[in-house]
Each structure stands twice: as structure tokens, then as C-alpha cells.
Amino acid sequence: MIGLITSLLAITISAGTSLLYATIGEIYTERSGILNLGIEGMMLMGAVTSFAVSYYTNSLFLALLIAMVVTAFMALIHAFLTITMKANQVVSGLSITIFGTGLSSFLGKRLGPESNNFNLYGVNGKNFPDIQVPLVGDWPIFSAILNQDILTYIAYLIIPLAWFFMYKTKKGLNLRAVGENPRTAEAMGINVIRTRYIYTVIGGMFAGIGGAHLALAYTPGWNEHITGGRGWIVIALVIFAMWNPGKAILGTLLFGGINAIQFRLQAAGTDIPASLLNMLPYLVTVLALVLLTVYENYGKRKIGAPSALGKPYMKEDK
Amino acid sequence: MKKKLYWLILIISALTFLTGCQKKTDVSDSGDKAAVEQTEKFKIAFIYIGAPGDLGWTYEHYRGKQMIETKYGSKVETVHIEDVPEGPDASRVIRQYAQEGYNMIFTTSFGYMDPTVEVAAEFPEVYFEHCSGYKTADNLSTYFGKMYQPRYLSGLVAGSMTKSNIIGYVAAFPIPEVTRGINAFTIGVRKVNPDAVVKVIWTSTWYNPTQEREAAVALLDAGADIIAQHQDTTEPQKAAMERGKLSIGYDSDMGSFVGETVLTSPVWNWGAYYTRTVGEALEGTWKSESYWGGLKEGVVELAKMSPLVPADVVSLVETETAKIISGSWDVFDGPIKDQDGNILAAEGESIDAGKLLSQSFFVEGVDGKLK
């Protein structure tokens, strides 16, 4: 039993890592008032570029760096369109996803070695090994948490840091102010445009790391559409986490674990239909959204979406 | 400002859609010369659901196309189009090739069935070939292979080599094609190892690398030491290899991409059918048919064995192959029992045709549910 729980937890954490990075990035982006629906495309681009770099250079650090640069650039396009050009954020985000999906499969067929018909699919590159923490690393339960790859360990650190930054620092306060009421924030001397640019680009970089984790650690190698819709799950996760990086961990564990659990239930021969379990995380998201609205309408505290989310910021005409 | 932006988005989306469907002509001739010759050449078009880069389903159809080129050389001109979605888009693409004067069109996915039927009725002069469907017309044939035969053979290999007596099977959807494969595989496993069971997990995807890997890991955790699959990725095989476990591939020779832990793979060899039907069309003897070829016709086969497979297992597989090819025995000949021990076919009988096609049962030895 302990063995089963340990292996379930291990795969849940591993499956959740890519979601966690992208979710934290998206929370920061949305907190600044920019909705980025391009996550799926960015994760795919992060995956394909990081894998290509790791294959040719054998440097995981460089692979991660390039993935972040590429997705930061994609986020920059989104930022330019939505912040400077004041375009519809939904349309721009969807274009980025469609663009990233197409370009990543195109690159996957062109960046590979000549011996493999220029395909990246079917070649093996270097990937992040699991590192076991000495002493406690092979205890039951502990081994699930302390026998993971380096990106997952970094994720453990990022959750509290991201929470601390958002709620306990001045910069975090500024960020939240920009997302809630950009006009007031501007009056307080915060540069709204610059803030939004910065956090959109940071969000993109995090999506890139998420994609790189898929291609370099979770399912090592490149497959077309390797994300399998994870970018969209991230959008749901942000809502589930109520735009709070601390709560993101619960959501990623739920979403990441549900598949692992579903397959194990099938292997154990239970009668619960797999499709029912598969829709559970979405059901919980809808439920969370409903409860949120009810709570906000009858309660006093505001915990939901940033008020200015999705709205372009126009300075008053001079 | 706004106007500019809409143009930008319009251009971006237009570009994406254009690159989505890439057209590739494999003719090296260029310019006017090609244009003159094209009128004399027999032009063949292939509609692919994926890209040859999948190293699976579409890759095998691509290999078949290459075999047509090798055999008929300058007499034919072939072209293929990748990533065509099933549904109305398919009709449009198929119709376009028919209008451009292609003589023969292969549509290589089940979902192209109705679009192909629709377009075939509009162009009676064009030969149509649809893979894996069941609707035919005067100018429309269907073709498929008895994949269950090599699946059975791969079951013999898995049954001989499992130590835990649990073999995992990552399966896509509970449709006849897939359950037939599971049943044939299990019959093979149980023939050499009556104690072994085949544990089945449904992923509800044909292609989702992360899901298929997780399913394989769940099976490995449940004690499986060999992973077989019916999916379009190599992830289950890779997951098994990382755990130091063995696997059986599918579609194409996955051993060459993953390593020798892939014991063997039941594979398609469409060239055997393609060269025949194109030849008939060239000679004018082509007739509409429902083709279901097996090991004998060479449309399906077992990929070469990994060096890990012991010699006695290899020779067993050779004996069984010869038996199937000679026609003296086939996989679904009795005695066969279903999962609950009910007799489906007694000694000397075989499962009746209707049941064989619908495959709404699991044979004895399968540990899984048909949902």
C-alpha cells in the first residue's frame, strides 16, 4: 500500500511539474491584467527548441536557456499586440497557440539530424536525470518527493518564493495594483505598460520551462503535440488556484495526479469509468469558479480574477 | 492602428493554415518538361492523416508509396498531402486532386470513408482506394490487413519471455480493430504460457505521448514485465525500457527507434498491396474489391526479432507463420473461450464471421474491461 502511494505520488509530482511552472507564469501574467491563451503554443515551442538544443549541444542548461529565450520572444509578441497595439487578448493568445503548434511540428520535422530524415522524432538527447537525496531519498513516501529531477526541486523552491514575492514585497503589491486598477496604479507612480510587459514576458519564460520539462525530463524526446492540451489545463488551473501561486500546487497535483490514478484504477480493475475521472479536474474547476462568484457576491473580500484582466489599458487622452 | 492589427492577425492565421496542409510532390522534373510528361504519366495521390515523421501509421503508407515509385518508376507520378483532418476538409482535398486529373487516389484513414464515397461518385473515371473502411463503389475499393496474424505471433514471443506472467497492453479505443488485436495477441501468449494474463488499459487517445507513457507506467507498477501497445507513439516502449523491461512495438519496426528491448513489432507492409493494385490499374484490369490481406499476401508481417529473443522462440514463430501462410490454421480457429470461460468456438470450429468482425468479446486470459 505504501509502495503504491509512493509511486502514485512520484508520478503525480513529475506530471505536475510542467503544469506548475506554466501555471505560476500565467498567474503572474494575469495578475498584471494580461490574459495569455498562448501557453499551449509556448509550451510546445519550449519543448521542441529545448530538445533540439540538448540533442546538438548536450548542454541542458543551454537547452533550458534557449527555450526560455524563444518563449520570452513569443510572449513579447503577445505583449506588443495586446499592450502597445491594444488588441483583443483572446484573439492574440489564440493566434500564438495556433502559430506555436504549427511551428513546433514544422521545426520537429526540420531540425533533426540528416540520418533521421531531419526528424527530431525518434532521436535521443540528453535529459535531466532523477537525483536522489541522500539518506531520506529511499524512504517510502519521501522517495516520491526526494527522487525527482532538478527542475522539480527548483519548482519546490519557486512556489513559496512566488507566493512571497506576490504578497509580501512592494513589487508584488505593484503588480497586483496594476491588475486591479491600472489607472490608480499609474497615479501612484507605477509604470503600467512596463509592468505588464515584464510579467507577460516572465510568464512566457515559465511556460517555456514547463515545455522543456516535458521534453527533457517527463517524456524525454520530441513528439508532435507533446503537451497534449496541457497549455489549456494551465488556463483552468489559474482559475482553480484563484490567482494565488501558493494554491497552484494543489491544482497541479490534482490535475497531474488524476491521470496516474485513473490508469492505476483501470489496472486494478475497478468499475469507475475512466472518462468520469478524466473530467473530474474540470468539474472541480467549474465548481471552484461558482463558489468563488457566490463568495464574492455575498462576502466582502475579493479573491477572484484581477479586475482589469483582459482589458487594454488606455492612458487618458491628453 | 486597429486596422493594421487585424491585417496582421489575418496574415498570421492565413500562414498557419497554409503551412498546416503541406503539399509535397516527389517529382524531380521541373518546368515545362514535367508539364508535358504529366499528361502521359499515371498520377497517384495519397491523403495522409498524419505526417511520415510519425514513424508509425503514416510512415508505413509513405513506405508503400515509395515502393510504387521503385516498381513503376517513370510510368507513375505520386504525390502526398499530410495532416488532412477527417471530415468535410477531407472531401475538399480529395475533390481537388480528382479535379487536377489524378488517376488514382488513396485515402489512408478510416474517417475518410464517407468523403471518399462522396467524391468517388462525382468522378467515375478516377480510381479510389480507401483504407480500413467498409463502403465500396464501382470505382472505389477498400483495403486493410489481417494485423491480428502478426499480433498473434508477437504474443507467442511475449508469452515465452515474460517472467512475472503479466503482460501490459496499452490500447487506444475499444473498437473492433483494437480488440481483435488484443484477442489475437492473448491467444498467442496463452498458447505458450497458459498462466500468463494480458492486462489492458484504455487511453482513449491514438496519439498523446504523455498519456500513453503514464498508462504504460501504471501497467509496469501493476507487475507487467512486457508492454505491448496499440497506439501511434513509441512512448509505452520507451517507458518500459527505462524501467529495464521489455516491449512489443506496433505499426513500424519500433526496435530501430527505441532499442533491442523492443522484442519485435507487428508491422504494415502496404507496398505489397499498392504495387499490385496500381499494376492492375495500369493494365486496365482493376476491379472494385474489399481487400483483406494477411501474412500470406505480405501486407502485414512481423518485424525482425531483437537479439534478446532466444533461438527456440524464433523457430516457434517461424513454424506458426508457415502454418498461417499455408492456410491450414488461423488465429481465431477453436477452441476459444471468452473471458468468463464461455466457449466461443469449439475444437474444429472457428469464430463466426459476424463475431470476428465486431469483436465484442475478450478471450480468456485478458484482464481488462470492454467499455
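The values are calculated or read from the model by the stated rules, or taken from the named source; none is laboratory data. Not measured: the values here are computed from a predicted model. Cβ placement follows ideal geometry from the backbone for every residue including glycine, while neighbour counts extend to all protein chains displayed. Accessible surface is based on the protein model in full, side chains and every heavy atom, while ligands, DNA and RNA are left aside. Shrake-Rupley method; radii C 1.70, N 1.55, O 1.52, S 1.80 Å.
For chain A, list the DSSP H helices whose alpha carbon atoms reach 18 Å or more along the long axis and whose average Kyte-Doolittle value is 0.5 or above?
Values: long enough: A:2-31 (40 Å, 1.01); A:39-57 (26 Å, 0.99); A:60-79 (28 Å, 2.54); A:89-110 (31 Å, 0.74); A:150-168 (27 Å, 1.55); A:192-213 (32 Å, 0.75); A:245-268 (34 Å, 0.78); A:274-298 (37 Å, 1.38).
Qualifying helices: A:2-31, A:39-57, A:60-79, A:89-110, A:150-168, A:192-213, A:245-268, A:274-298.
For q = 0.08, 0.14 Å⁻¹, what log10 I(q)/I(0) does chain B give under the Debye formula with an equal point scatterer on each alpha carbon and no solvent? Ignoring solvent entirely, the Cα scatterers give -0.45, -1.18.
So if I take the centroid of the Cα atoms in region A:222-254 and the same for region A:1-56, what is the distance between those two points in Å? With region A:222-254 and region A:1-56 each reduced to a Cα centre, they are spaced 7 Å.
Run the numbers on chain B and let me know its relative contact order in percent, using alpha-carbon pairs under 8 Å that are six or more apart. Walk me through the numbers on the way to the answer.
On the way: 756 pairs, mean separation 58.0, N = 371.
It rounds to 16 percent for chain B.
Per-residue shielding of A:274-285, expressed as the average number of other chain Cβ atoms within 10 Å of the residue Cβ, stands at 1.
Evaluate E = 1/(1 + (r/R0)^6) for B:Ala322 and A:Asp271, where r is the Cβ-Cβ distance and R0 equals 51 Å; express this FRET efficiency to the nearest 0.05. The partial results should precede the final answer.
Numbers: r = 43 Å, r/R0 = 0.85.
E(calc), rounded to 0.05, equals 0.70.
Annotation: average projected area of region B:265-304 is 3.0 square nanometres, based on the convex hull of Cα atoms across all directions.
Just A:His225, A:His213, A:His78 to compare: in a GNM of chain A, with alpha carbon springs under 10 Å, which one fluctuates most? Comparing A:His225, A:His213, A:His78 in the GNM, the peak value goes to A:His225. Using C-alpha pairs under 8 Å with a sequence gap of at least 6, the mean separation divided by the residue count of region A:2-298 gives a relative contact order of 35 percent. The Rg/Rh ratio for region A:176-274, using Cα coordinates for both the radius of gyration and the Kirkwood hydrodynamic radius, is 1.13.
Short-range pairs are left out: with C-alpha atoms under 8 Å and at least six residues apart, the relative contact order of region B:85-172 is 20 percent.
Applying 0.36 nm per residue to the separation of A:Ile131 and A:Thr84 and subtracting their alpha-carbon distance, the gain on full extension is 12.5 nm. Per the Kirkwood formula on distinct C-alpha pairs, the Rh of region B:192-294 is how many angstrom? Result for region B:192-294, one decimal place: 15.7 Å.
Which FRET efficiency value, to the nearest 0.05, is calculated for A:Met279 and A:Thr169 with the Förster distance at 51 angstrom and r the Cβ-Cβ distance?
On the way: r = 38 Å, r/R0 = 0.75.
My answer for the efficiency is 0.85.
For region A:1-144, what percent of Cα pairs sit more than 18 Å apart? Taking all Cα-Cα pairs of region A:1-144, the fraction more than 18 Å apart is 65 percent.
Take the alpha-carbon positions of the protein assembly as shown, form their convex hull, and give its projected area averaged over all directions (one quarter of the hull surface) in nm².
Numbers: hull surface 140.9 nm².
Seen from a random direction, the Cα hull of the protein assembly as shown projects 35.2 nm² on average.
Here chain A has 70 percent of its accessible surface on carbon and sulfur atoms, given a 1.4 Å probe and all protein chains in place.
Among A:Gly108, A:Gly210, A:Gly46, the largest mean-square fluctuation in a Gaussian network model of chain A (Cα springs under 10 Å) belongs to A:Gly108.
Among B:Glu60, B:Glu100, B:Glu318, the largest mean-square fluctuation in a Gaussian network model of chain B (Cα springs under 10 Å) belongs to B:Glu100.
Roughly how big is region A:2-298's charge dipole about its Cα centre, with Cβ charges of +1 (Lys, Arg) and -1 (Asp, Glu), in debye to the nearest 20? Could the numbers behind the result be given before it?
On the way: 15 positive and 12 negative charges, 149 e Å.
For this selection, approximately 720 debye.
Between beta-carbons, use under 15 Å as the cut-off and find the net charge around B:Gly341, counting Lys and Arg +1, Asp and Glu -1.
Values: positive: B:Arg190, B:Lys337; negative: B:Asp338, B:Asp340, B:Glu364, B:Asp367.
That sum, taken over residues with Cβ under 15 Å, equals -2.
Binning all Cα-Cα separations of region B:91-153 at 10 Å, short to long from zero, yields these whole-percent fractions: 23, 50, 17, 9, 1. The tail of the calculated P(r) for chain A beyond 25 Å holds 52 percent of all Cα-Cα pairs.
Normalised Debye scattering of region A:232-286 at q = 0.23, 0.24, 0.26, 0.29 Å⁻¹ gives log10 I(q)/I(0) of -0.82, -0.87, -0.96, -1.10, counting only Cα atoms as equal scatterers and leaving out solvent.
Using the Cα gyration tensor of region B:213-360, with a ≥ b ≥ c the square roots of its eigenvalues, what is the shape: rounded (a/c below 1.5), prolate (a/b larger than b/c) or oblate (neither)?
Since a/c reaches 1.5 but b/c is at least a/b, the shape of region B:213-360 is classed as oblate.
Ignoring everything except DSSP H segments at least 4 long, calculate the 222 nm mean residue ellipticity for chain B; use -39,500 (n - 2.57) per segment, divide by total residues, nearest 500.
Values: 13 runs with 156 residues, N = 371.
Value at 222 nm, helices only: -13000 deg cm²/dmol.
Kindly work out what percent of the DSSP beta bridges joining two residues of the protein assembly as shown are antiparallel, to the nearest 5. Provide the component values of the computation, followed by the final result.
Numbers: 14 of 53 bridges.
Looking only at bridges with both residues in the protein assembly as shown, the antiparallel portion is about 25 percent.
Sparse packing (at most 16 other Cβ atoms within 10 Å of the Cβ) combined with a DSSP loop state is found for the following trypsin sites (Lys or Arg not before Pro) in region B:75-175: B:Lys135, B:Lys163. Computed from Cα atoms, the angle from the helix B:209-221 axis to the main principal axis of chain B rounds to 0 degrees. Working note: 222 nm ellipticity from helices only, DSSP H runs with n ≥ 4, each -39,500 (n - 2.57), summed and divided by the residues of chain A, gives -22500 deg cm²/dmol to the nearest 500. Considering all C-alpha pairs of region B:129-176, those separated by over 15 Å amount to 65%. Accessible surface for the protein assembly as shown, divided over its residues, is 42 Å² per residue with a 1.4 Å probe. Between B:Glu100 and A:Asn117, the distance separating the two model label sites (each 7 Å from Cα on the Cα→Cβ line) works out to 2.0 nm.
I want the local charge near A:Leu37. Using Cβ-Cβ distances under 13 Å, sum +1 for each Lys or Arg and -1 for each Asp or Glu among the other residues. Please report the intermediate quantities before stating the final value.
Details: positive: none; negative: A:Glu26, A:Glu30, A:Glu40.
Combined, the nearby Lys, Arg, Asp and Glu give -3.
Helix B:88-99: angle to the longest alpha-carbon principal axis of chain B, degrees 0 to 90, nearest 10? The angle comes out near 60 degrees.
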